[in-house]
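Input: a single structure, listed below in structure tokens.
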Amino acid sequence: MSRYENGQKVLIAGGGIVGLCCAYHLTKLGYKVTVVDRDSGYDGASYGNAGAIAAAEVLPFAGPGLLLKVPRWLFDPVGPLSIRWTHLHHLLPWLYLFLRSGTRIRSEAGARALASLLVSAIDDHQHILQQAGLTDLLQSKGALYVYRSKRGQEAEESGWNLRNRLGVRFTKLDRAALQEYEPDLGPLANGGYYVESFAHYSDPRALVVGLLEMVERMGVRLIADTVKELDQVGTRVTRVRTNKGAIFETDNLIIAAGAWSSALSKRLGEPFPLESERGYNTTISNPGVDISNYVAFVEDHFVMSPLSVGLRIGGAVELAGLKPPPNYDRCRALVKLGQRYVPNLKIENGRQWMGHRPSTPDSLPVISRSVFVKNAFYAFGHGHLGLTLSATTGRILADLVSGGSHGLDLTPFRIDRFTEVN
Ligand SMILES: Cc1cc2nc3c(=O)[nH]c(=O)nc-3n(C[C@H](O)[C@H](O)[C@H](O)COP(=O)(O)OP(=O)(O)OC[C@H]3O[C@@H](n4cnc5c(N)ncnc54)[C@H](O)[C@@H]3O)c2cc1C
């Protein structure tokens, strides 16, 4: 029997953008796919994000110089990075690995690994969009990266040089050139870059809903429930049990449950240091200005994305775990920052949102087969790049499951890369 008509069952735990892209590619290869997602209210990270296919973002979050910046950020309760101190004892192992990943050698290796995935990100999205009839959702244009100070821009020059070496295409802009792109930018925007290696969705929620509809049309079973138990016989998962008492027999299991994935990987004997980097945004339907590009305000760690549903202003990293309620002061702080760069911005009646970025210490996703369980696979931990890398991950995962060739070195993305600390 060819692998294209194999009829084997795959159960995917998690139906965010990553799980859905896996479902698409596996169904194309002839697998019978079931997606179990507990969240019928569509609150996963994939629904409210900034919509960027950020193919230029090859630099891991932890990099040289970060240690100097972190203490200053931590003492600002609405700054770009904050920790809820009650969460600190859970966070320490992750923080240790995060800081350890920030050496020059480690972060450059991480950048090369990320670049190996990001190089095909836009093409991989376009492929799926064409199949889904959703090409209208994608704006194939670049992004602006804005600095407010010459010093800030110069301090990041080595990062831009590394991006350049890794194939990211960009052009340096002075203040006047920035304003030609975005006339509503005020004088605080001092200089920056136009980054070509980028694309942008007009509505991430419409994308996820469109993909859900497409995979359902292709025959994927969508189950609203929570994966609870994973029954093994020897070195294989044979059954998946849910909170509502359903039992699914399966030939293969994929864990793609975003920031909740490590609870499931642990059940297979493979714990992984995963944290939620909680991110915030506000979507303003009548912002009173006309921002037409995705704009990243680099020194202040937030972005503006022009969506069909309004101007979305967001960013921030809050390390507080999965349970505590959102702190929407962060949303208010971000829109106020937005007004500093775009003085005519109207910030009334914004819709606030918080999402859980599933984040690994080294900013690399887990795209891996299980080490111990022959028919289990992992697709999680995409952090700030989950939308960007979803289509690529789905393609690679389908090859991993089917034994096809993806042509990549997946060593940096293995589930057991931090084993010594778990
Ligand atoms: C403010 C913000 C802005 C962002 N902007 C961008 C951007 O512009 N570009 C980009 O590339 N990325 C961006 N991201 C990151 C991106 O949104 C995430 O990396 C991505 O959505 C993760 O997708 P996922 O499918 O892995 O997880 P999710 O979308 O979180 O999906 C996981 C799903 O698994 C379900 N689940 C969990 N546990 C179980 C269980 N036991 N059983 C069944 N189901 C379960 C959850 O309910 C959820 O629906 C942003 C994130 C935030 C917070």
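The values are calculated or read from the model by the stated rules, or taken from the named source; none is laboratory data. These numbers come from a predicted model, not from an experiment. Here Cβ is always computed from backbone atoms with ideal geometry, including for glycine, and neighbour counts include all displayed protein chains. Note: accessible area is taken over every heavy atom of the protein model, side chains too, but ligands, DNA and RNA are not part of it. Shrake-Rupley method; radii C 1.70, N 1.55, O 1.52, S 1.80 Å.
General observations
- In the set (1) over 30 Å from Ala263 (Cα atoms); (2) touching a Ser or Thr at 6+ places or on another chain (Cβ under 7 Å); (3) of a type outside the set (Ser, Thr, Tyr), the condition left unmet by Ala333 is number (2).
- Selection from the stretch 160-182 of residues that are part of a loop (DSSP other than H, G, I, E, B) and open to solvent by 20 Å² or more (accessible area, probe 1.4 Å): Leu166, Gly167, Arg169
- Once the stretch 288-307 is narrowed to residues that are part of a helix (DSSP H, G or I) and either open to solvent by 30 Å² or more (accessible area, probe 1.4 Å) or more than 12 Å from Leu334 (Cα to Cα) (or both), the residue that is nearest to the ligand (Cβ to nearest atom) is Val298.
- Enumerated helices (runs of 4 or more DSSP H) restricted to the stretch 1-111, each holding at least 2 residues that are open to solvent by 30 Å² or more (accessible area, probe 1.4 Å), closer than 25 Å to Thr411 by Cβ and within 16 Å of the ligand (Cβ to nearest atom): none
- Count of the stretch 358-398 residues, restricted to those that are assigned to a helix (DSSP H, G or I) and open to solvent by 10 Å² or more (accessible area, probe 1.4 Å), is 6.
- Residue check for Asn349: more than 13 Å from the ligand (Cβ to nearest atom) and closer than 30 Å to Gly288 by Cα: yes
- Residues within the stretch 316-341 that are touching a Leu at 6+ places or on another chain (Cβ under 6 Å), modelled with pLDDT of 95 or more and open to solvent by less than 20 Å² (accessible area, probe 1.4 Å), tallied: 2
- Residue in the stretch 183-199 that is closer than 23 Å to Ala54 by Cα, assigned to a helix (DSSP H, G or I), in the same structural domain as Ser308 (by TED's automatic domain parsing) and open to solvent by 10 Å² or more (accessible area, probe 1.4 Å) present: no
- Search result, residues across the stretch 117-158 that are among the small types (Gly, Ala, Ser) and touching an Asp or Glu at 6+ places or on another chain (Cβ under 7 Å): Gly142, Ser149, Gly152
- Meets criteria (buried (at least 20 other Cβ atoms within 10 Å of the Cβ), more than 9 Å from the ligand (Cβ to nearest atom) and in a strand (DSSP E or B)) for Leu222: no
- Index of the failed condition, Ser101 passing every other in (1) of a type outside the set (A, V, I, L, M); (2) more than 15 Å from Pro361 (Cα to Cα); (3) touching a helix residue (DSSP H, G or I) at 6+ places or on another chain (Cβ under 8 Å): (2)
- Test: residue in the stretch 257-267 that is outside any helix (DSSP H, G or I) and within 11 Å of the ligand (Cβ to nearest atom): yes
- Asn281 meets each of the listed conditions (1) within 12 Å of the ligand (Cβ to nearest atom); (2) outside any loop (DSSP other than H, G, I, E, B); (3) surrounded by fewer than 18 Cβ atoms within 10 Å (Cβ to Cβ) apart from (3).
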